[in-house]
1. Scan the range 228-242 residue by residue and report those that are in contact with a helix residue (DSSP H, G or I) (Cβ under 8 Å, 6 or more places away or on another chain), over 10 Å from Pro211 (Cβ atoms) and not in a loop (DSSP other than H, G, I, E, B).
2. Regarding Val245, is this residue among the aliphatic types (A, V, I, L, M), assigned to a loop (DSSP other than H, G, I, E, B), within 16 Å of the ligand (Cβ to nearest atom) and touching a residue at least 24 places away in the same chain (Cβ under 8 Å)?
3. Thr82 - would you say it is within 15 Å of the ligand (Cβ to nearest atom) and assigned by TED's automatic domain parsing to the domain that holds Asp176?
4. So which of Lys80, Lys28 is over 30 Å from Ala125 (Cα atoms) and surrounded by fewer than 15 Cβ atoms within 10 Å (Cβ to Cβ)?
5. Residues of the range 390-432 being over 20 Å from the mean Cα position of the chain (by Cα), small (Gly, Ala, Ser) and under 23 Å from Leu322 (Cβ atoms), which ones?
6. Can you say whether Leu98 is part of a helix (DSSP H, G or I), away from the ligand (no atom under 16 Å from the Cβ) and within 23 Å of the chain's Cα centre (by Cα), as far as the supplied structure shows?
7. Evaluate the following for Asp264: is it away from the ligand (no atom under 16 Å from the Cβ) and crowded, with 24+ Cβ neighbours inside 10 Å?
Amino acid sequence: MDLNRSAQLFERAQAVLPGGVSRNTIFKSPHPTYVSHGKGCYVTDINGVKRIDFANNMASLIHGHAQPNVTQAIIEQVQKGTAFTLATELEIEFAELLCQRVPSFEKIRFVNSGTEAVMAMIKTARAFTQKSKIAKVEGAYHGSYDYAEVSQTASPATWGDEHQPHSVAVARGTPDNALNDVIVIPYNDVDKALHILNQHKETLAGILIDPISHRVGMIPATPEFIDALYQWSRDNQALLLFDEVITFRTSLAGAQAKYNVKPDLTAIGKMIGGGFPVGAFAGRSDVMQVLDPSQSPLLLPHSGTFSANPVTMVAGLTAMRLFDQPTVDKLNQLGDFARVQLTDTIKKVGIKACVTGAGSMFRLHFKAQAPQHYRHAYTNTLQTQATKYLLNYLFDNGIMMINTGSAMLSTPMGKKEINYLVEQVTSGLTLVKDQFPA
Ligand code: PMP
């Protein structure tokens with residue numbers, strides 16, 4: 001195999017794709033790595049190099065690559081046709097499975113991505129409450145809908161007072177109205193958050209929250225915080241909106257199972273598609289009724305050419321059937337094992353670093369203490385360089401992770417893969433300690 005093949009492909013790509021890529025997540029200097037194939041928890045690139053996949057297409061492959069039952073189900077469906085302007089029994093079966101699993105899911109609608117799920121959930125909340133504003137946690141990522149992306153990745157100079165964070169645009173040209181209609185609250189700080197919410201009592205349609213936000217540091221929202229947001233939303237005719245696009249993997253009923261209160265609506269995506277593009281939003285029947293096309297007037301017209309397409313439905317249904325209670329338990333125990341082992345190795349190496357996460361997800365930070373919110377989790381230049389160095393080292397030694405230093409486990413993994421990861425992280429951290437003295 002020609003070792004320059006990736007470089008050659010990237011050159012071709014740059015002529016037709018902005019920056020040579022179709023999504024920024026795979027962008028890498030001097031060029032992205034191009035894949036040949038994947039099987040289970042291993043991925044082989046076009047140079048024949050095999051790595052353990054701890055990225056799992058940004059948390060979307062709960063069973064790793066080419067799971068045989070999922071593959072078989074897809075093949076059978078593809079032979080029957082891939083998209084119709086007709087309904088399918090599959091979408092009902094899949095909706096039934098998800099609604100049986102999650103107490104807050106009374107009705108569900110499928111879409112094509114997490115971004116679309118969050119967007120449709122917000123629009124549903126607006127149509128139901130007849131109010132336009134949403135509140136969100138500072139720095140939390142919710143996909144690329146104008147409103148949901150406010151305050152995702154701003155530079156510190158734009159953040160404003162931590163008691164009253166600014167609504168910062170991520171993209172140039174974001175309409176001022178989008179910024180005005182998004183209220184940013186600090187994470188896990190009940191008093192400060194309620195103080196801000198109270199300034200918008202009349203106009204808030206809902207509060208959007210990811211209960212274990214990746215960008216905010218991957219630490220769970222406290223029950224007190226969720227209870228307070230829920231109570232505030234009851235008192236002010238607003239809705240509590242969970243984004244469980246990633247966190248749904250933490251239990252059969254998602255991360256929401258750990259809290260005392262039920263969100264009114266939840267957006268999900270990623271792993272529920274069995275490796276295909278997917279999103280869904282679900283929740284209270286009375287709220288979801290705004291989507292019911294038999295109603296007059298119809299409060300929220302909503303469609304989507306590929307929504308609930310049968311290939312995604314059958315892949316997702318098969319993957320979620322395989323994701324049963326013993327499987328979740330085993331995967332989460334493996335997550336606990338990884339977090340303990342990594343924390344231990346950080347101590348042994350004697351470097352300022354820590355591990356956060358829950359269930360089958362974890363994130364490595366070059367910080368002495370687990371970050372408590374976005375401002376803590378934000379990495380300075382040295383920490384960013386150290387993360388990059390470690391991830392490159394791991395990549396060169398057979399391990400793929402997400403470029404923030406996060407990892408997502410999949411069901412084909414076992415202790416063997418975690419032990420290998422810990423071994424490589426140990427040598428990587430030892431090098432980081434020498435290269436980037438704190
Ligand atoms: N919400 C969260 C919490 C996410 O992590 C993501 C994707 N990383 C999204 C929404 C958007 O999902 P998608 O990339 O499928 O549009």
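The values are calculated or read from the model by the stated rules, or taken from the named source; none is laboratory data. All values reported here derive from a predicted model rather than from experimental measurement. Glycine gets a Cβ as well: all are built from the backbone with ideal geometry, and neighbour counts include every protein chain shown.
1. Scanning the range 228-242 gives Ala228, Leu229, Trp232, Leu239, Leu240, Leu241.
2. The answer is yes for Val245.
3. No, not satisfied.
4. Lys80 is the lone residue from the list that is over 30 Å from Ala125 (Cα atoms) and surrounded by fewer than 15 Cβ atoms within 10 Å (Cβ to Cβ).
5. The one that is over 20 Å from the mean Cα position of the chain (by Cα), small (Gly, Ala, Ser) and under 23 Å from Leu322 (Cβ atoms): Gly414.
6. yes
7. For Asp264, the condition - away from the ligand (no atom under 16 Å from the Cβ) and crowded, with 24+ Cβ neighbours inside 10 Å - is met.
Conditions (1) of a type in the set (D, E, K, R); (2) in contact with a Ser or Thr (Cβ under 8 Å, 6 or more places away or on another chain); (3) crowded, with 24+ Cβ neighbours inside 10 Å; (4) not assigned by TED's automatic domain parsing to the domain that holds Ala358, marked per residue:
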| site | (1), (2), (3), (4) |
| --- | --- |
| Gln231 | no, no, no, yes |
| Asn236 | no, no, no, yes |
| Leu239 | no, yes, yes, yes |
| Val245 | no, no, yes, yes |
| Ser251 | no, no, no, yes |
